[in-house]
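One structure below.
What follows draws every value from the coordinates through simple rules; no lab data is involved. Keep in mind it's a predicted model, so treat the numbers as computed, not measured. As a convention, Cβ positions derive from the backbone with ideal geometry for all residues, glycine included, and neighbour counts pool all protein chains shown.
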Amino acid sequence: MQFKDKVVVVTGGARGIGKTIKEAFEAEGAIVEVIDIADGDHYVGDIGRKEIVEAFARYVIEKHGHVDYLINNALPIMRGIDECSYEEFEYAMAVGVTAPFYLSKLFQEHFADGACIINMSSSRDRMSQPYTESYSAAKGGIAALTHALAVSLAGKVRVNSISPGWIETEGAVYEGPDADQHLVGRVGKTMDIANMVLFLCSDKAGFITGENICIDGGMTKQMIYHGEHGWKYEG
């Protein structure tokens with residue numbers, strides 16, 4: 001129960017990685033406040049809207065008085081240059097970068113001693129598929145926001161980010177090439193990310209701040225050349 005009675009805020013915590021993070025903290029005794037756009041037994045709201053972020057922050061502070069850990073996990077939309085409108089791109093930035101910044105700002109005077117912010121980036125902050133501009137830009141933005149916040153909040157809050165690779169969130173099992181292309185031989189699980197979140201928030205990570213940690217089974221480390229080691233370009 002290493003996080004007993006700690007107050008944790010998780011954005012996008014109703015499903016997928018966020019839900020696993022919520023449950024992992026609760027299993028360690030934490031009190032978790034979730035905001036998500038999906039209906040459910042949590043604070044329902046769209047963090048892409050300034051007034052919702054402000055109302056949620058007030059709710060948390062009035063209820064608990066402080067925050068120990070802020071996990072900025074909510075997903076921005078993925079739209080490409082072929083179809084993404086100006087408004088959709090702005091919305092992706094609002095969810096993926098602006099809301100994490102604004103929540104950090106609103107909670108700044110209410111973070112407890114030993115507090116941490118964990119920002120959820122993506123391996124797409126350093127590599128891309130075609131037509132993913134809104135998502136990739138948001139994830140690159142939050143990775144940079146991480147080290148900026150770490151410097152500004154030095155001595156009060158440690159700030160780190162995690163860049164997941166392919167993480168299966170619906171329980172599907174992948175075999176063959178989908179699994180084998182990862183150096184570890186499998187697709188990621190949501191608990192792979194939750195374990196790192198809990199570690200980074202623990203005293204064991206007390207000397208780590210400003211970092212972006214990629215958890216992708218080694219996918220971004222393998223150099224790929226056509227005709228070598230079984231790889232074949234068929235574009």
Virtual spin-label span in nm between Ile77 and Ala172, 7 Å along Cα→Cβ: 2.3
Expressed in nm to one decimal, what extension gain is obtained for the pair Asp5 and Glu23 from 0.36 nm per residue of sequence separation less their Cα-Cα distance? 5.1 nm
Could you check the spin-label model distance between Tyr102 and Arg126? Points 7 Å from the Cα along Cα→Cβ, value in nm. 3.1
Over the Cα atoms of the stretch 78-213, how large are the radius of gyration and the largest Cα-Cα distance (Dmax), in Å? 16.4, 50
What would the Debye formula give as log10 I(q)/I(0) at q = 0.30 Å⁻¹ for the alpha-carbon point model of the stretch 76-124, no solvent? -1.13
The extension gain from Glu88 to Lys156, computed as 0.36 nm times the residue separation minus the Cα-Cα distance, is 21.0 nm
Once His229 and His66 are pulled to full extension, the length gained, defined as 0.36 nm per residue separation minus their Cα-Cα distance, is 53.4 nm
Sequence-separation-based contact order of the stretch 47-112, relative, with Cα cut under 8 Å and 6+ spacing, percent: 52
Quick one: which of 65-72, 86-93, 29-36 comes out on top by average Cβ neighbours within 10 Å, and what's the full order, highest first? 65-72, 29-36, 86-93
If we sort 210-223, 140-153 on the protection proxy, mean other Cβ atoms within 10 Å, highest first, what's the order? 140-153, 210-223
